[in-house]
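Take a look at the structure set out below.
The values are calculated or read from the model by the stated rules, or taken from the named source; none is laboratory data. It should be emphasised that the depicted structure is a prediction, and the values quoted were computed from it without experimental measurement. Cβ sites come from the backbone with ideal geometry, for glycine too, and all protein chains shown count toward neighbours. With ligands, DNA and RNA removed, areas are computed over all heavy atoms of the protein, side chains included. Shrake-Rupley method; radii C 1.70, N 1.55, O 1.52, S 1.80 Å.
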Amino acid sequence: MEKETASGESENTSASAHHGHAEESFRSEVRQAIGLNPAKCYQCGKCSAGCPMASEMTLMPHEMIRLVQLDRRDRLMQDESMWLCLTCETCTARCPNGFDPARMLDGLREMSLRAHGENAPRRIQAFHSSFLDQIRSHGRVFEFGLVFAYKMRSGALFDDVLNAPGMYFRGKLKLTPHTIDGVDDVRRIFDACMAEEER
Amino acid sequence: MKIGYFPGCSLDFSAKEFDTSLQAVATSAGMELEEIKDWACCGATSGHATNHLLSIALPARTLALAEEQELERVVAPCAACYSRLATARHEMAEDKKLFSKVTGILKRDFTNSVQVMNIAELLRDNLPAIKEKVTHPLKDLKVACYYGCLLVRPPKVTGFDDTEDPSSMEEVCRAAGATPVKWNKRLDCCGGGFSLSRTGSVIRLGKEILEDAQAAGAQAVVVACPMCHSNLDLRQKAIAEQTAKPLEMPILFITQLVGLAMGISEQILGLNRHFVSAQPIIAKATVKALPAAREEA
Amino acid sequence: MSRIGVFVCHCGENIGRTVDCAAVAQACGELPGVVHSIDYKYMCSDPGQALVKQAVAEHKLDGVVVAACSPHMHEKTFRKTVANAGINRFLCEMANVREHCSWIHEDREEATQKAIDLTRFIVEKIKHNVPLEPIKIPVTRRALVIGGGIAGIQAALDIADGGCEVVLVEKEPSIGGHMSQLSETFPTLDCSQCILTPRMVEVYQHPRIKLMAYAEVDKVEGYIGNFTVTVRQKARGVNASLCNGCGECQKVCPNKKIASEFDAGLGKRPAIYVPFPQAVPNIPVIDRANCALYKGRARNAKKDACKKCEEVCGRKAIDFDQQDTFLTEKVGAIVVATGYQLYNIKKEQDKEAISGYGEYGYGTIPDVIDGLQFERLASASGPTGGKILRPSDGKEPKTVVFLQCIGSRDPAKGIDYCSKICCMYIAKHTMLYHHKVHGGQAIVFFMDIRAGGKGYDEFTRRAIEENDALYVRGRVSKMYRDGDVIKVLGFDTLSGEPMHIDADMVVLATAMRPQPGIESLAQKLSVSYDRFGFINEAHPKLRPVETNTAGVYVAGACQAPRDIPDAVAMASATASKILGLFSASELEREPLVAQVDQGTCAGCFHCVRVCPYGAVEHFEVKDRKGNLIKTVAQVNKGVCQGCGTCQANCPSKSVELQGFTDQQIFAAINAF
C-alpha cells in the first residue's frame, strides 16, 4: 500500500514532466511488451463510441491509449477501466487506422498484473484467478469448482445462490471435476508461460 | 471428411445441450465429427486478459493434438473457444517468433496447419445436406439471429462472413424454415465473461439486446455461443425485472433450432435445460411438413 | 581525350566537413589525363564558375569533372558554364561526393578516399565522352484538354486566349463538371452556377476552342509537340448540327423516371435529356440503356416501341441510327483534367483494396446521403427547388448529422489520404442548412478541422459561432435506422461524453477519388499514377503540373483532392507551361537518348517490348532499288526518355544510351 501512495504522490508532482527519453518511456515499454505502436492511434474516438462498457468506464478506450502516448503510467494503472473491457473486439474491427485497441488493453492488463498493480476490481481479479486455477488443476474448467473458488475469493458469497438449484436441476452444474490425462502437460505450459512473463 | 471437434468446457457440461444438439444434427446431416482427445481449456478471457503467451499456448496444444489426430479442420462451437483457437492460429501464422516460442513450450511436432471453424460456418457450409434433412420446417417462426462478438470479430481472425453485415446464421435459420427478423443489436456484446464477476453489466447489455429482438418481432433468439446463451437465458429473469414490457424470450442454440426442424426429439436437443421455456417453439415443430411443403422449403 | 580539369567543391561544410577536398584535388591532379585540379569552397557560386571558365581557357581543357553535389542539383549549371567557355556541354560531368559520400559517412579518412574514387571513376568515364548536340523537334501548336470541368475549362480558355487552338474533350453530354452541381461555393458563398456558366458559354463561343462533348479519348500516339489523338465521339442519337435545343423531345419522352446523374440520383430525367438547363452544348442525348426504342431493338422487336421524340422534332434532328465516330486530332500538348468521383460506402467497390462501411449499413439506410446530394438539395435548381427535404419521405429534417472523413483518413477502408475539401464544404452545408431550416440543428462529427486557405478558417468559425453548428470531435462507431430516425452512435473526445443522436438525415463527407477509368487513360498517355489512381506530378514541389511524360500536363482533382481555386490555379499553370512550349516552332531536347546500331541490330525487337514509353519503332532498311534488306529497331528521339531499359535488354548490344554508353560505364567501373 505504501508503494501505491508514493506513486500516487509522484503522479501529482510530475504530471507534466513524464516525457523523458523516448527509448525509456512508458510508451516505448508498452510498444515493446505488446508489439503495437501506441502512436498509431489518432484519437478519433470511434472505439469509445462503440464500446459497450464505455458508460461504466472512468477512462474511455481512446483515453487509455492517449495516456500511454503521454507516458502517464500512474494515472492509467490506478484506474480500473482496462479491466472492464469485455474484449468484444468492436473497437478493433472498426478502428479506421488499423490499430488494435482490444489487444492493447489485454497487454495493459498483463503489464498491470506483472507490476502487481491493484487496479483490477476485486471480483474480476478473483474470477480470472479462479478460472486459471481450474485449468491448472484439471486442464479444463470445472464450473462448480470455479463458482465456489470465485465466491471464496471475491467475497460475493450469496450472489446467484438462487440460481444454483435451478442450474443443478437442469443438469447445468456438475459437482465432481474431470481431470484430463495431460494435466501435467498443461501445468508445464502454465509454468513456462509464467516464467516467460517474468523475464 | 472428418472434422475435428473441440467441445470446450461449457459444452462439456453447462451447455451440454449445445453439444448433444450439434452431435445429433451432424449425424443427421452426415458430418463426421471426431473429438480431439484429451483437449484442454482454451484459456478463455482469463487467459488472454492476463497472459498473452498462455492465451496462445493453451489453444496451440489443442491444435497440436488435432494435428496428431491428422485432422485438417476443427470446429469449436463455443464462440469464445473459436475465437481463442482462431486467434492463436492467426497470430502464430503472422508472427514467426511467437510460433517458435510456442512450439518450444509445447514440446510437440506442430506445424500450425489446422483450420479453425465456428458453428455458423460449419452449418452454412453444409446447407444442402441440412436442407435435405429438414422434415419439420419452422414455419411462421420469427427468429433473431444473435452473433454477438467473437463469431465475426476481429475480421482478420474470423473472416468467414461480413464483419458488420453477416448472413450465415440467417441462411441456416432459413434452411430450417424459420424467418429471420431484421434487427439492430445482433452484433452487440452480451457481457461475455462478466456473468459472475459483473452481473450488473451483463443485465444492462442483455436488456438492450432482448428488447431490440422483441421490438423486431422475434419469437426466439438464436445464438451460437454458450456464454451468450447463459447471459440471455439464465439472466433473463433479472433482465425482465427491468424491462417495460414483459419479457419471455426463448434462447436457442442454432443447432437446437436446426435439430427441431430435422424432427430430432427435444430430449436429445436438451430443450428442457433452458431457464426460459422453449415450449412455444417446440410446438411449432410438431407439425410435420407435407411433401409438397418440403419441396418449397 | 587528354586534357581534363577536376574541380572539387567543399559545398561550405557540407562536403568539407567529412571530405578533405584539398586532398581529393591533389590526388585527382595526379591521374593520367588530368591537367588541372583544384578545390574551392562553393564551386557553384559566381567566382567558382569563373574558376572553371578560366581553367578551360588557360589549360585548353577538353573535359571538366566537378566533384560536388548530385547532378540533379547543378549539372545544368556547370554544363552551361563550360558551354560559355566554349566547349561542348556534354564534355562536363559531375562526381557526386555529397549525397553519395560526405552526407552518409562519418570517418573523414575513409570518406576522402571514397571521394577520390568517385571522382576517378568519372574522370575515366569522361575520357570517352563525345560532344552531343540537342535534339530539335517540330511542335504542333495546338493542345488537347481532357475533361470539361472547371479545371479543363480554365486550361482551355487560357491556352486559347493565349492564341493557340484547343480541342476540349468531355465524356459527359455537357461540360461543367461537378462544379455545375454545387449550390454555393466556400468561403464566399457565391452561387456556383452563376460564376461557372459564363465560362462554359465562353468556351462554346471561343473561335479557337473545338468542343467535343460526349466524347472520349480512344488512342494517343506520338510525343511532345507531335501527338496524334483519336477521339471517340459517342453517338447522341441527335444530329448536333440540326438540333436547336428547343427541348420539345424531352417533354414528350414517356420515360421520365430515370435517376438524374446531375441531381446525384435525387431527381428524375427522361430518356432523351440534357443534364441541366444551362448545359453546353445544349443538345440532348438519348440514354440508350433506358430508351424504349433501343431496348426494343436490342430484343429484336419487329416494330420500334416509341418514336415520340422524332415525331415532335421540327428540325428532324433525331437520328436513331447514329453511330460512334472516330476523329483524329494532331496536338502538341495534352492536359489531363478528368476530375474526381466521390467514394461510396457500399459493400461492392470497384477496387479490391477499398471497402465499404458495414457499420453504417453499407449505404442501405434511407436518408443517409453524400455531400453532392446535399448540394443538389440545397441548390435552387435542384430537385427540391432548394428546400432541404429528406429523400425518403420529403420531410424537413430537424436534426442533420454530418460525418467527415468518410473513407478519407481511413486506411482500414483503403483510403489513407485527406480529401482536403470536406471540412470546408461541410461548414458550408451547415450554414446553408441553418439559413434554410428554421430551428434545425446541424451536428458535425470531425477529427480535425482543416481550413488552410484564404478566408477558410474564418469561414468554419462562422459556421460554429454564428450559424449554430455543433461540432463534435470524434468518429461515429455505428449507424442504424430505428423507426423514423437514424441512430448515430458517436463520441465527443473533447468532453469524454458519448453522443447518441437521433438524426433525421445524415450527410457523409465521402472521400474524393479519381474518376473511374483514370488508369486506362493514364496508360494511353504513358503517365504514372499512385495506388489510388491519382496522376503523379513530375515533382511534388517544383514541377507540380507536369507529368513524367513530356508534353502531358495535369490539372485539378485527377492529381490529388483539390478545391476550385486549386484546380483553377493548376489549370492556368498548365496553360502557361503549354504556351511556353508553343512559343517556338521547334523544341530542343537533351540528346541523352538511345540510339540503335542498325548494322548489328538483329531485329528481335525485345527493346520494343521493354520500352516503357513506346519510343522504339520498326524501321525498314532498303537497298538503293528499294528492296527490303531487313527490319531493325529505331528510337524515336522525341519520345525516348533516356531510361536505358533497351540498352540493358538488347541481346546483341546494339543499343547505346548517349552519354551513358557501355564504353563510358565500363571505363568508370574498371577504374575501381
Percent RCO, i.e. relative contact order, over region C:1-72, from Cα pairs under 8 Å lying at least 6 residues apart: 47
Simple spin-label estimate for B:N272 and C:E109 in nanometres, 7 Å along Cα-Cβ: 9.4
Value of relative contact order over region C:358-443, rounded to a whole percent, pairs C-alpha under 8 Å and six or more apart: 25
At R0 = 35 Å, FRET efficiency that the Cβ-Cβ distance of C:A569 and C:E352 yields, to 0.05: 0.55
J(HN,Hα) series, region B:207-213, from Karplus relation 6.51 cos²θ - 1.76 cosθ + 1.60, nearest Hz, glycine and proline x: 4, 4, 5, 5, 5, 5, 4
Zone residues, region C:390-418, relative to C:D502, backbone N less than 13 Å from point 7 Å out along Cα-to-Cβ: C:398-399
With DNA, RNA and ligands ignored, accessible area of B:K156 (1.4 Å probe; Å², nearest 10): 120
Placed amide H near C:L168: partners under 5 Å, 5+ positions off or other chain: C:V145, C:K210, C:L211, C:M212
Cα-projected label distance for C:K256 with C:A301, points at 7 Å along beta-carbon direction, nm: 2.0
Cα-centred dipole magnitude for chain C, charges only on beta-carbon of K, R (+1) and D, E (-1), debye, nearest 20: 2120
Amide hydrogen neighbours beyond the local backbone of C:I415, cut-off 5 Å, H modeled: C:D410
Sparse-neighbourhood loop sites, GluC sites (Glu not before Pro) in region C:305-361 - DSSP loop, at most 11 other Cβ within 10 angstrom: C:E348, C:E352
Principal axis box of the protein assembly as shown, alpha-carbon based, largest edge first, Å: 108, 90, 69
Modelled FRET efficiency - R0 41 Å, C:I669 with C:H618, Cβ distances, 0.05 increments: 0.80
Interface burial for B against A (accessible surface, 1.4 Å probe, total of both chains, Å², rounded to 100): 5100
Segment C:K625-C:D468, length gained on full extension (0.36 nm per residue, minus Cα span): 47.8 nm
Shielding by partners, peptide B:171-184 (average Cβ within 10 angstrom, other chains): 1
FRET E, pair B:A215, C:K268, Förster distance 30 Å, beta-carbon r, rounded to 0.05: 0.30
Surrounding net charge for B:T20, when Lys and Arg each add one and Asp and Glu each subtract one, Cβ distance under 12 Å: -2
Cα long-axis angle, helix B:79-94 against chain B (0 to 90 degrees, to the nearest 10): 30
Residue among B:A220, B:L22, C:C611 farthest towards the positive dipole end of the protein assembly as shown, charges placed on Cβ: C:C611
Bins of 10 Å from zero: percent of alpha-carbon pairs in region B:2-119: 15, 48, 29, 8, 0
Helical segments meeting 18 Å axial Cα length and Kyte-Doolittle -1.0 threshold in chain C (DSSP H): C:46-59, C:108-126, C:192-205, C:422-436, C:564-581
Under Karplus coefficients 6.51, -1.76 and 1.60, residue-wise ³J(HN,Hα) of region C:381-389 in Hz, glycine/proline x: 8, x, x, 10, x, x, 8, 7, 10
Amide H contacts of B:C145 (H built 1.01 Å from N, under 5 Å, at least 5 apart or other chain): B:V181, B:V222
Computed magnitude of the charge dipole of the protein assembly as shown (debye, nearest 20; Cβ of K, R +1, Cβ of D, E -1): 2880
Whole-Hz couplings from phi, Karplus 6.51/-1.76/1.60, listed for region C:621-629; x for Gly and Pro: 8, 10, 7, 4, 7, x, 7, 5, 8
Antiparallel %, DSSP beta bridges [both residues in chain C], to 5: 55
Lys/Arg +1, Asp/Glu -1 at C-beta; the protein assembly as shown dipole; positive extreme among A:G145, C:G371, A:C41: C:G371
Lysine pair number, Cα distance threshold 13 Å (strictly under), region C:257-346, separation 8 or more or different chains: 5
